[in-house]
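Bear in mind these aren't lab numbers, they're just calculated from the coordinates by the rules spelled out. If you're wondering where the values come from, they're calculated on a predicted model, not measured in any experiment. Here the Cβ positions follow ideal geometry from the backbone for every residue, glycine too, while neighbour counts run over all protein chains shown.
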Amino acid sequence: MLSLFRFTCSVALQLMSALHMLNTAGLKTFLQLIVHRRDVINKLYSLGQRILSKQPFSVLLGTELDVFEPGTAILTLRVKDEIKQQHGFVHGGVVSYLADNALTFAGGSMLGDAVTSEYKINYLRPALGETLIARAHVVSSGANQAVCQCTVNACSDDKEQIVAVAQGTILKARPKA
């Protein structure tokens, strides 16, 4: 919920700088917009939690949704021995899964129900750590497609190191016939 704290601080700074420019009616409208944005973010986050809980593989791995806002998604995964390969670092397939899911969540935050059309991942170094964090954001979005980028970092204690970068095209899901 660090993101919510940052959002609140950002809103407070915006409010302070806007106070001298706004009359009473303008201030009321400004505050209504802030409350509306917070409500939208809270509803989006709740939707994201429900979606993640309906993904059996994500549940099996223990993936958590930390941030789900318009254009942004952050997923985390605690590293367990069961997801490591023979050299002791997280299997590339798990790193790839996390990037793919974060890309799709970010794109879906703009498109609604969405699926991955394609993505590419570059592994930069072995994923060694206690937690993986995938941070994805939308680079460009239209009515039916979004291009997103993601970094996957491995964390140990207070150290965080990038282990992979990915880019993908996310499509609005078509209703089932």
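Quick notes
- With each label modelled as a point 7 angstrom along the Cα→C-beta vector, the SER140-LEU128 pair spans 3.9 nm.
- Placing pseudo-labels 7 Å out from each Cα toward the beta carbon at SER96 and ASP113 gives an inter-label distance of 2.7 nm.
- Largest first, the three principal axis extents of the alpha carbons in segment 62-177 are 44, 28, 23 Å in whole numbers.
- Subtracting the Cα-Cα distance of ASP66 and SER53 from their residue separation scaled by 0.36 nm leaves 3.4 nm.
- Taking label points 7 Å from Cα along the Cα-to-Cβ direction, ASP39 and GLN86 give a separation of 5.7 nm.
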